[in-house]
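Read the figures in this text as sums done on the coordinates, not as results from a lab. Worth saying up front: this structure is predicted, and the values here are computed from it rather than measured. Positions of Cβ are backbone-derived with ideal geometry, glycine not excepted, and every protein chain shown enters the neighbour counts.
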Amino acid sequence: MGRLFWKFFLTFWLALLVAGIGVGTVVWLRHNAWQQEESVNRSIDVRHASSFVAVAENVLRHSGVAGLRNFLDAINEAHLPPVYAVDDQNQELMQRSVAPDVLQQARALVLQANYPEAVRLVDADDGHRYLLFVLRPEHGFTDHPRPKPNSESDTSVAPPPSTANHLLHPRPPRQPPSPLLPIIAGTFASLMFSALLAWYFAKPIRSLRHAFAAVANGDLDTRVGELMGKRRDELSDLGRDFDHMAGQIYNLVHAQQRLLHDVSHELRSPLARIQAAIGLAQQQPEKLQTMLERIERESQRMSDLVGELLVLSRLEAGVAGTENHDLDIGGLLDDIVENARFEAEQYSVGIRYHGIEETLVKGCGELLHRAIENVLRNALQHCKKGGEVSIVARFDIVKRRLQVTVDDQGPGVDENDLSAIFVPFFRSGDRDKANSVGLGLAIAYRSIAAHGGCIKASNRPHGGLRIEIDIPFAE
């Protein structure tokens, strides 16, 4: 999975986590408040606490002191209003400390027969009489300190904290905390992370959109790499790919414009010479034959130019025109050199050739013939009169590679132009020399590249140009 996926995943997960924490906090606070409220209702907020005294009396009469002790333990563990049981010796059954003034109030209420439902004197099976009561102000008890346990062992049966005092002075019910704050915090956090996420991914996309619009309007110098900053994800890769695409389009468009300019220039010269020849033929009828020959040469020149342009366009489009087939590369080189010898006589140039034996390879004979022939003709055209062009061919049987070296004794090429000589319409030195239109080496370069080979040029130490061709062939 890509880096962009993990950025989406982690950001969305963080946003959902924050929102979940906010919602969970609200639920927890509400649940906690509800539990506290229920606990208070169970342990304190009992309107009919006197009913526990009646139950305690029934338990004492039917189950004895042991049953009463178990009952008091149960209501203490349930955090219910405590019921006190005090015998004739002023000893509380659960060993809880009861203030003397409380006992005095309880016995006075029994003697006065006030609040019999909350304060009762009951005979037990052990011969003692137990005073049963609950501390409630509505049952005649006034304010007093909370009873304390006598020993550490009493803590197991002691009433819950502040139970008696709360019975005398009930607290108002606790209000649950408001969920508004965590809800607002969760919402704000979600909005913040969502806004950052939208900005983080929308900014480079906006930049790309504006860049595409600029390129569509003809601004081919537009680049977005710097606008991507230090990003290292698929969007930055897309920005770099856009820059590469814009650069390629820029090069192609300018190459096309340059080609159109060069073609128009190359066609203009022979057309101008044809028009001049026609004018001279009209003015000097005796030179008609000479002018017709001149017109024929210029027409052939334009025909050759158009033919080479078609070949170059097919090569640049990746369409060779013929399929690969088995051919004798040694015989092909022999034919090319033999044909070149006739042209060499026109330039008073000799040819020295070291060829190879018959070797079968698989390739496009037409493209290879045109490529090597163009290189050889270029050497003949630029070699000095009385000079010599050397052709050395070698074939590596193990690696299945053909190497051809063509040396001339011409003026050579400026070091800065060595790579430019393979560009269409480039001509170094005397631009008016020979009948070249500057497409021969460009066609050779693309023909050899179509076979997976390479061609390079260099100046010889003692003068002249050297062109080396290296072509691999499949088994």
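Annotations
- Computed E for residue 190/residue 10 - FRET, C-beta separation, R0 22 angstrom, nearest 0.05: 0.90
- Net charge in the neighbourhood of residue 297 (other residues with Cβ under 13 Å of its Cβ; Lys, Arg +1, Asp, Glu -1) is -1.
- Charged neighbours of residue 316, selected by a Cβ distance under 13 Å, balance to +1 (K, R count +1; D, E count -1).
- Using the Cβ-Cβ distance between residue 256 and residue 197 with R0 = 41 Å, the FRET efficiency computed as 1/(1 + (r/R0)^6) comes to roughly 0.40.
- At the listed q of 0.12, 0.16, 0.17, 0.20 Å⁻¹, the Debye profile of segment 338-457, built from one uniform point per Cα, gives log10 I(q)/I(0) equal to -0.45, -0.81, -0.91, -1.24.
- Cα-based reach from residue 230 at 20 Å (exclusive), listing aspartates and glutamates while leaving out same-chain residues under 8 positions away: 241, 243
- Difference of contour (0.36 nm per residue) and Cα-Cα distance, residue 394 to residue 271: 39.9 nm
- The Cβ shell under 9 Å around residue 402 holds other residues with a net charge of +1, Lys and Arg each +1, Asp and Glu each -1.
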